[in-house]
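Read the structure below first, then the notes.
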Amino acid sequence: MARVPFIAGNWKMYKTATEAVAFIRALPALIEGGDGVEVVVAPTFLALPAAVEAAKGTKIGIASQNLHFAAEGAYTGEVSASMVKDAGAGYAIIGHSERRQYFAETDESVNKKVHSAMAAGLVPIVCVGETLAEREAGNTFDVVKRQLIEGLKGIDATAIPGIVVAYEPVWAIGTGKTASPEQAQEVHAFLRSQLTATFGADAAAGTRILYGGSVKPDNVDELMGKADIDGALVGGAALKPESFARLVTFKKA
Ligand code: PGA
């Protein structure tokens, strides 16, 4: 099954609604060569409605960076999947390592969030990735396998291709230290083999696995050239329209 390449910008706690709109308005003219690529940006919750409005009539999809797993309730400061959906977003990043690291997310909360995102009709972008200490201790595969399988627990095999997985080694995020295309491919192939083992070959073949961690204009082509790398989830290099557009218009090397 052909997997449509997927390039997503995670804006983290950057960009006001005004700045998000300016970016989205500038992008279409810059990505004309990027046909056949699914393009998504993830602004803060507060900028979602304005971003959705600005993206109307373009191919740019909008994601939230998080959501709460409950449908509604007394959870001060939180935002539910149906609220994100109602704002017009189509995707939700779930389990980003910064959420796991600073906001105590666990595989269990990630799994609950994946279920609520899907119930609300959002495409979850589920992040997994090892820390430097875990890699150096030789635990990369154990860690990403646990995060993947626990994170997707209870999801029907037929729904798995509707999920996007992002492999983001924590040591490569925001550090300028990218995993080499070979290092990334090794983990991507492993993740796909785990999807096959748990959900079957069709589910695994249809699921996009993105790489994230210091993806930039000068390394995107080589990363995208790898068989199991189906796209990128990008922080720093997604903050400027020109740089993000270069990622969207990658040329496999
Ligand atoms: P980075 O962030 O591209 O700035 O390394 C990636 C991410 O956190 O998704």
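The values are calculated or read from the model by the stated rules, or taken from the named source; none is laboratory data. This one's a predicted model, so the numbers in the text were calculated from it and none came from an experiment. All Cβ positions, glycine included, derive from the backbone under ideal geometry; neighbour counts span all protein chains shown.
The sole residue among ALA172, ALA203, ALA157 that is touching a helix residue (DSSP H, G or I) at 6+ places or on another chain (Cβ under 6 Å) and buried (at least 17 other Cβ atoms within 10 Å of the Cβ) is ALA203. Scanning the range 215-231 for residues that are in a loop (DSSP other than H, G, I, E, B) and either within 11 Å of the ligand (Cβ to nearest atom) or touching a strand residue (DSSP E or B) at 6+ places or on another chain (Cβ under 9 Å) (or both) turns up VAL215, LYS216, ASN219, LYS226, ASP228, ILE229, ASP230.
Among the residues of the range 97-142, those that are among the hydroxyl-bearing types (Ser, Thr, Tyr) and either under 15 Å from the mean Cα position of the chain (by Cα) or crowded, with 18+ Cβ neighbours inside 10 Å (or both) comprise SER97, SER109, SER116, THR140. Can you report the number of residues in the range 152-173 which are away from the ligand (no atom under 16 Å from the Cβ) and of a type in the set (Gly, Ala, Ser)? Adding up the residues that qualify gives 4. Taken over the range 232-253, residues that are within 12 Å of the ligand (Cβ to nearest atom) and either modelled with pLDDT under 95 or not in a loop (DSSP other than H, G, I, E, B) (or both) amount to 9.
Looking at GLY206, GLY212, GLY176, GLY200, just one residue is within 16 Å of the ligand (Cβ to nearest atom) and in contact (Cβ under 8 Å) with a residue 40 or more places away in the chain, and that residue is GLY212.
Among residues of the range 1-17 being surrounded by fewer than 14 Cβ atoms within 10 Å (Cβ to Cβ) and touching a residue at least 12 places away in the same chain (Cβ under 8 Å), the one that is nearest to the ligand (Cβ to nearest atom) is MET13.
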